[in-house]
Amino acid sequence: MWTPSQDTSWGIFCLFLNPLRLLAHYHRVPRPSKRIYTRESEFAALVREHQAGLWRYLRYLGCERALAEDLVQDTFLAVWKRPFEDRGPEAAGAYLRRVAKSHFLMAVRRKKTRPIVHSLREADRDWCAYVGQDDGASYRAALAACVRQLKPRARDGIERFYGANETRDQVARALGMQPDGVKSLLRRAREALRTCVRRRIST
């Protein structure tokens, strides 16, 4: 069974998705027209198929780990109460993202915060472009291979800062560097990874 702990490298993956700014206005989710499932077993299959991708999508929007877990549960609870039209896995994923995004926006409003994303439309476009049909597996495989090619200090810094969510000061202490030096190290590593990933994906 998938758990968020299996996605410790997701922060690194999100480096290469375009930076976005979330629109302030709320987009309502249209009312579904008919059920996509008729039994609890079918609903459980829906959860198994989409929960990991939905959690990653919320993290991509800037949602904190714990909140993302809560919003995934809220999303599936909402669609259990108000099922949607069956148009295949891709359409189901798109609908679930819209529901999750609505819950995320409501959470943002309650906390009066402003996630660093650009627009909801661009978020969906970029997500589909980078993640695609395989839930980003090919992209993550390319990224993992590129991370392994980094020099040890750069790799350690990237994994600590983006994978373990350590602060720049914490990374600096672990690597025996100054915080400004870590900033430069991470910038160079990001540029190297971006070039490497794009080269691998395009071949």
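The values are calculated or read from the model by the stated rules, or taken from the named source; none is laboratory data. This one's a predicted model, so the numbers in the text were calculated from it and none came from an experiment. Every residue, glycine among them, receives a Cβ derived from its backbone with ideal geometry; neighbour counts consider all protein chains shown.
Quick grid of which residues meet (1) more than 29 Å from ALA94 (Cβ to Cβ); (2) of a type in the set (A, V, I, L, M, F, W, C):
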position	(1), (2)
TYR130	no, no
ALA137	no, yes
ALA142	no, yes
MET177	yes, yes
ALA189	yes, yes
ILE201	no, yes
Positions within region 50-97 being over 14 Å from the mean Cα position of the chain (by Cα), under 22 Å from TYR130 (Cβ atoms) and not hydrophobic (A, V, I, L, M, F, W, C), in sequence order: THR75, GLY88, PRO89, GLU90, TYR95
How many of the residues making up region 154-203 are within 25 Å of ALA141 (Cβ to Cβ) and either loosely packed, with under 13 Cβ neighbours inside 10 Å or not acidic (Asp, Glu) (or both)? 29
Residues in region 107-125: is at least one buried (at least 16 other Cβ atoms within 10 Å of the Cβ) and either in the same structural domain as ALA192 (by TED's automatic domain parsing) or modelled with pLDDT of 80 or more (or both)? yes
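For region 21-38, check the following and say yes or no: at least one residue is within 30 Å of THR195 (Cα to Cα), in contact with a His (Cβ under 7 Å, 6 or more places away or on another chain) and at pLDDT below 55.
Narrowing region 21-38 to residues within 30 Å of THR195 (Cα to Cα): 21-23.
Filter again for in contact with a His (Cβ under 7 Å, 6 or more places away or on another chain), leaving 21.
Add one more test, that the residue is at pLDDT below 55, and what stays is 21.
The answer is yes, given that some residue of region 21-38 is within 30 Å of THR195 (Cα to Cα), in contact with a His (Cβ under 7 Å, 6 or more places away or on another chain) and at pLDDT below 55.
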Output the qualifying pairs, or none if there are none: Cβ atoms under 9 angstrom, residues six or more apart or on different chains, first residue in region 173-188 and within 14 Å of ILE158 (Cβ to Cβ) and assigned by TED's automatic domain parsing to the domain that holds ILE158, second residue modelled with pLDDT under 95 and among the basic types (Lys, Arg). ALA174/ARG160; LEU175/ARG160; VAL182/ARG168; LYS183/ARG168; LEU186/ARG168
From the list GLU69, GLU90, GLU64, pick out the single residue that is modelled with pLDDT of 85 or more and within 30 Å of ALA145 (Cα to Cα). GLU69
